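Working notes, structure below.
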Protein chains: 2
Amino acid sequence: MQELGDAVQASDLEDAWPFLDSEERLEGFRLLAPHEAERFFTALDAREECALLATFTPTERQLWMRQLEPDDAADVVQAAPAEQRETLLGALDAASRREVAALMAYAEDDAGGLMSPRYVRLRPEMTVDEAIAYLRRAARERVETIYYIYVLDAENRLLGVASFRELFAAPSDKLVRDIMRTRVITVRDDLDQEEVANVIAENDLMAVPVVNAQGQLQGIVTIDDVVDVVREEATEDIQKIGGSAALDLPYLETSVLELVRKRAVWLTVLFIGQFLTTAAMGFFEDELARAIVLSLFIPLVISSGGNAGSQASTLVIRAMAMEEVRLRDWWRVLRREVVIGLLLGLALGAIGLARVVLLPGSQQAFGDEFVLIGVTVSLSLVWIVMWGATAGAMLPFALRRFGFDPASASAPFVATLVDVTGLVIYFSVATFVLSGTLL
Amino acid sequence: MQELGDAVQASDLEDAWPFLDSEERLEGFRLLAPHEAERFFTALDAREECALLATFTPTERQLWMRQLEPDDAADVVQAAPAEQRETLLGALDAASRREVAALMAYAEDDAGGLMSPRYVRLRPEMTVDEAIAYLRRAARERVETIYYIYVLDAENRLLGVASFRELFAAPSDKLVRDIMRTRVITVRDDLDQEEVANVIAENDLMAVPVVNAQGQLQGIVTIDDVVDVVREEATEDIQKIGGSAALDLPYLETSVLELVRKRAVWLTVLFIGQFLTTAAMGFFEDELARAIVLSLFIPLVISSGGNAGSQASTLVIRAMAMEEVRLRDWWRVLRREVVIGLLLGLALGAIGLARVVLLPGSQQAFGDEFVLIGVTVSLSLVWIVMWGATAGAMLPFALRRFGFDPASASAPFVATLVDVTGLVIYFSVATFVLSGTLL
């Protein structure tokens, strides 16, 4: 990133920001040139804006609250402690205060919580020239986007849409009605923000209109908000896939205790789940005592199942988030993963067999029955890898089916699940192959 | 998502698309209403557009190639087999062909490969009214965005930028020079697309100008391209974190053999790595033979280290991708993870101790020395979890430092690494605690 001119202060402040206390932040912010300050302030997230606003003088607070778009102002007010909300709302002018209050009625993660009420609306019977003159006035007020223009009837129902470029390029005396498109992609105000992002991304839109159950236009969600949603949702999914709860703040800004709390929950659940492996091993303790050599391959065998499962579950989780795979596709996915798991299992089984049977020193390391041990390891791998891949792929479907987040089928979760069943498969195969010799 | 009007065909075709052969796709596409077809075509990705174009008549190919923005057309040509590229380029008009050829000189993943050369450029000495009249003509040609207007000198160097709204709201007789901002955020044409996305997202821009080493404007990257980049990069990271190579196509469109290939590489590497656990176990076979009870806790103990490591590595990988953590922050992260790992280890150690020592039936299950066994498990957990968390957190730093993708520090990779060391820690602690009794 380069800056033309000498604007180094803002980027310096940005770098230092995480290390400053609230007083130093206020001081640094006040030293910025006016338009640098504006860019810096709007680039902060709602929580940081809120903290900075709390240290401002009333005049500063009024100035900066009024710099915010209504949807961003609503986020700031919602990020503030209850006792500060009135003060923040009070810093807005009356019209914005009403808009912000209306937005706050929506859940933050819905289309309604993401939208801006400041779109450009036209009547169908205006001419192109009248429309442009009207827009030129509207541009002086702070509308969110003039990329699309929405044509409404008297009840605020959406009749059509025109891109700004279409309007701008049309002959002056044409009617808006004649240039607008009547087939408009809209989203309902209670649609989840992740799905709103998918609608915008998949249809290559710059903004999407948000309507209520009666088809009345409530606001618009613009693509710049979607970028943040896509990044946020991907971050949450990645953190869950890694086996911790999603963090609310960036890693370095999250306190150590909060990190421990977010990670301890899943780690403890998985740990308690892993006690089942101890129980399973205890169940086969006699076999182990008779053939201690079997224990040498336990980490190898069960982790291969876990790895195959992690691969399958993360691929399916991501495909679900991108809406490439839907709930009803479970059967197709299952069939594919059985085949894929079998092929991967055969590959690992072959390598395992070669390693145990062909490498010199095997007889010394694994005893006289090393060939049968190799067959046991190899056959177990085929079954365990196939089971890992199918279980890992089906778990996100099961979670979604019962209303949970598919991303909870984290790599460690799948691995733990497959560890327990892997042990049972391994010892069952061992009993079958080795009975009469070692067992 | 709702559609006003009766536009069900396009969405029907979208749903059926993955299941159709190329002839059926062509047939379905030809049945769409003209503006439905336009939306449908531009929403396809470059590879699908390319496949469809190959089935078109020459006239259709010319029509549809010319619908594409130059950056999208360049992607289509690059997605095509070498022998089809000339035909595709030939379908463009001469001016577009030159633009597309220039874009193809850039790597697809750079700012230069992402940018469009069709931005709106103005001279500083124009008045606002002249500028608007000029824009109105330009809007009829197919410029990529008129959200920002770029002011250039005679050598195409960027002097300033104005948002369309600012220009539109300014008094008619003002000069462009007087309303433009001279501090402009730009990116270099060789900047990686992920970093371009970060610049746009963090500065809340709708587009960013791309300049060459001489500061000359080469094109613009608009936010709608960034949405795709952010989704793509997150998908790649998630697939890598899950322990497979990144897929080129959506899961259901990737062939079974391709999936096997993408997953077999890492699975085999991890499998061979896991042979080290067999070696480590073999090294402690005497201890195992004397105290078979030790084997019961192996999956429990080592997987806890792997889980703590997966958490730490995915949190750090994501924080790096979001540019919240940089290479030079490694020491801060290390200090935090030592503390976090210690606290998590103490928690699991306490639960483990309680489970082994306090639960009824422990003496029967784990023998007379069950208290010492509990102490062994518990102490090992403290060390292994702490080691897992720090190793998992440091691995992405090491990978990035040596020029690899941090996301390669996948959950299965970290788990495998920690499994081997975890065994050594477990048996070392066991030797220390149990020597003189069981060992």
Which of (1) more than 16 Å from the chain's Cα centre (by Cα); (2) open to solvent by less than 20 Å² (accessible area, probe 1.4 Å); (3) modelled with pLDDT of 90 or more does A:ALA280 not meet, given it meets every other one? (3)
Looking only at residues in segment A:238-267 that are more than 8 Å from every other protein chain (Cβ to nearest Cβ), of a type in the set (Lys, Arg) and without any contact (Cβ under 8 Å) to a residue 40 or more places away in the chain, which one is farthest from B:ALA407 (Cα to Cα)? A:ARG261
I want to confirm something. Restricting to segment B:204-221 and keeping residues that are touching a Pro at 6+ places or on another chain (Cβ under 6 Å) and among the hydrophobic types (A, V, I, L, M, F, W, C), which single residue is farthest from A:ALA43 (Cα to Cα)? B:LEU217
Quickly run through segment A:13-36 and pick out the residues that are aliphatic (A, V, I, L, M), modelled with pLDDT of 85 or more and part of a helix (DSSP H, G or I). A:LEU26
Across segment B:373-396, what is the number of residues that are within 22 Å of A:GLY243 (Cα to Cα) and open to solvent by less than 10 Å² (accessible area, probe 1.4 Å)? 9
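Here is a yes/no grid of residues against (1) under 27 Å from the mean Cα position of the chain (by Cα); (2) of a type outside the set (S, T, N, Q); (3) at positive phi:
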position: A:PHE284; (1), (2), (3): no, yes, no
position: A:ILE302; (1), (2), (3): no, yes, no
position: A:SER310; (1), (2), (3): yes, no, no
position: A:GLU323; (1), (2), (3): yes, yes, yes
position: A:ARG326; (1), (2), (3): yes, yes, no
position: A:GLU337; (1), (2), (3): yes, yes, no
position: A:LEU344; (1), (2), (3): no, yes, no
Identify, by number, the condition in (1) away from every other protein chain (no Cβ under 12 Å); (2) in contact with a Lys or Arg (Cβ under 8 Å, 6 or more places away or on another chain) that B:VAL429 doesn't meet. (2)
Of all the residues that make up segment A:295-305, how many are within 7 Å of another protein chain (Cβ to nearest Cβ) and either in contact with a Cys (Cβ under 7 Å, 6 or more places away or on another chain) or not polar (S, T, N, Q) (or both)? 6
Kindly indicate whether any position in segment A:347-364 is closer than 30 Å to A:GLU195 by Cα, free of Cβ contacts under 8 Å to residues at least 40 places away in the same chain, surrounded by fewer than 18 Cβ atoms within 10 Å (Cβ to Cβ) and not β-branched (Val, Ile, Thr). no
For segment B:48-65, enumerate the residues that are free of Cβ contacts under 8 Å to residues at least 24 places away in the same chain and open to solvent by 50 Å² or more (accessible area, probe 1.4 Å). B:THR57, B:THR59, B:LEU63
Can you tell me which residues in segment A:114-130 are within 28 Å of A:VAL199 (Cα to Cα) and either open to solvent by 30 Å² or more (accessible area, probe 1.4 Å) or in contact with a helix residue (DSSP H, G or I) (Cβ under 7 Å, 6 or more places away or on another chain) (or both)? A:LEU114, A:MET115, A:SER116, A:PRO117, A:ARG118, A:VAL120, A:ARG121, A:LEU122, A:ARG123, A:PRO124
Looking at this structure, is B:LEU399 facing chain A (nearest Cβ under 10 Å) and either charged (D, E, K, R) or within 30 Å of B:ARG328 (Cβ to Cβ) (or both)? no
Hey, can you tell me all the residues within segment B:164-178 that are within 38 Å of the chain's Cα centre (by Cα) and either more than 26 Å from A:MET206 (Cα to Cα) or open to solvent by 20 Å² or more (accessible area, probe 1.4 Å) (or both)? B:ARG165, B:GLU166
Output the residues belonging to segment B:9-35 that are without any contact (Cβ under 8 Å) to a residue 60 or more places away in the chain and under 22 Å from B:ASP75 (Cα atoms). B:GLU14, B:TRP17, B:SER22, B:ARG25, B:LEU26, B:PHE29
Inspect segment A:181-203 for any residue being under 30 Å from B:ARG140 (Cβ atoms), part of a loop (DSSP other than H, G, I, E, B) and either at pLDDT 90 or above or open to solvent by 30 Å² or more (accessible area, probe 1.4 Å) (or both) and give the result as yes or no. yes
Please specify each residue of segment A:103-113 satisfying the condition of being within 17 Å of A:VAL211 (Cβ to Cβ) and either touching a helix residue (DSSP H, G or I) at 6+ places or on another chain (Cβ under 6 Å) or open to solvent by 20 Å² or more (accessible area, probe 1.4 Å) (or both). A:LEU103, A:ALA105, A:TYR106, A:ALA107, A:ASP110, A:ALA111
So, in segment A:306-335, of the ones that are open to solvent by 20 Å² or more (accessible area, probe 1.4 Å), free of Cβ contacts under 8 Å to residues at least 24 places away in the same chain and under 20 Å from B:ILE238 (Cα atoms), which residue ends up farthest from the other protein chains (Cβ to nearest Cβ)? A:ARG326
Residue list for segment B:416-439, restricted to those being touching a residue at least 12 places away in the same chain (Cβ under 8 Å) and either on the phi > 0 side of the Ramachandran plot or in contact with a Pro (Cβ under 8 Å, 6 or more places away or on another chain) (or both): B:ASP419, B:LEU423
Of everything in segment B:283-294, what is assigned to a helix (DSSP H, G or I), more than 7 Å from chain A (Cβ to nearest Cβ) and open to solvent by 10 Å² or more (accessible area, probe 1.4 Å)? Give them in sequence order. B:PHE283, B:ASP286, B:GLU287, B:ARG290, B:VAL293
Tally up the residues in segment A:397-416 that are over 18 Å from the mean Cα position of the chain (by Cα) and buried (at least 23 other Cβ atoms within 10 Å of the Cβ), please. 5
Do the conditions hold for B:VAL325, that is, is it within 28 Å of A:PRO18 (Cβ to Cβ) and outside any helix (DSSP H, G or I)? yes
Evaluate the following for B:THR235: is it facing chain A (nearest Cβ under 7 Å), open to solvent by less than 30 Å² (accessible area, probe 1.4 Å) and in contact with an Asp or Glu (Cβ under 6 Å, 6 or more places away or on another chain)? no
Just to be sure I understand, how many residues within segment A:66-102 are of a type outside the set (Asp, Glu), in contact with a helix residue (DSSP H, G or I) (Cβ under 9 Å, 6 or more places away or on another chain) and either open to solvent by 60 Å² or more (accessible area, probe 1.4 Å) or in a helix (DSSP H, G or I) (or both)? 19
Only one of these conditions is not met by B:VAL211: (1) open to solvent by less than 10 Å² (accessible area, probe 1.4 Å); (2) more than 8 Å from chain A (Cβ to nearest Cβ); (3) at pLDDT 90 or above. Which number is it? (2)
Can you work out which of the residues in segment B:214-224 that are under 22 Å from A:HIS35 (Cβ atoms) and within 11 Å of another protein chain (Cβ to nearest Cβ) is least open to solvent (accessible area, probe 1.4 Å)? B:ILE223
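The values are calculated or read from the model by the stated rules, or taken from the named source; none is laboratory data. Bear in mind the structure is a predicted one, so any value in this text is a computation, not a measurement. Using ideal geometry, Cβ is built from the backbone for each residue, glycine included, and neighbour counts are taken over all protein chains shown. Accessible surface is based on the protein model in full, side chains and every heavy atom, while ligands, DNA and RNA are left aside. Shrake-Rupley method; radii C 1.70, N 1.55, O 1.52, S 1.80 Å.
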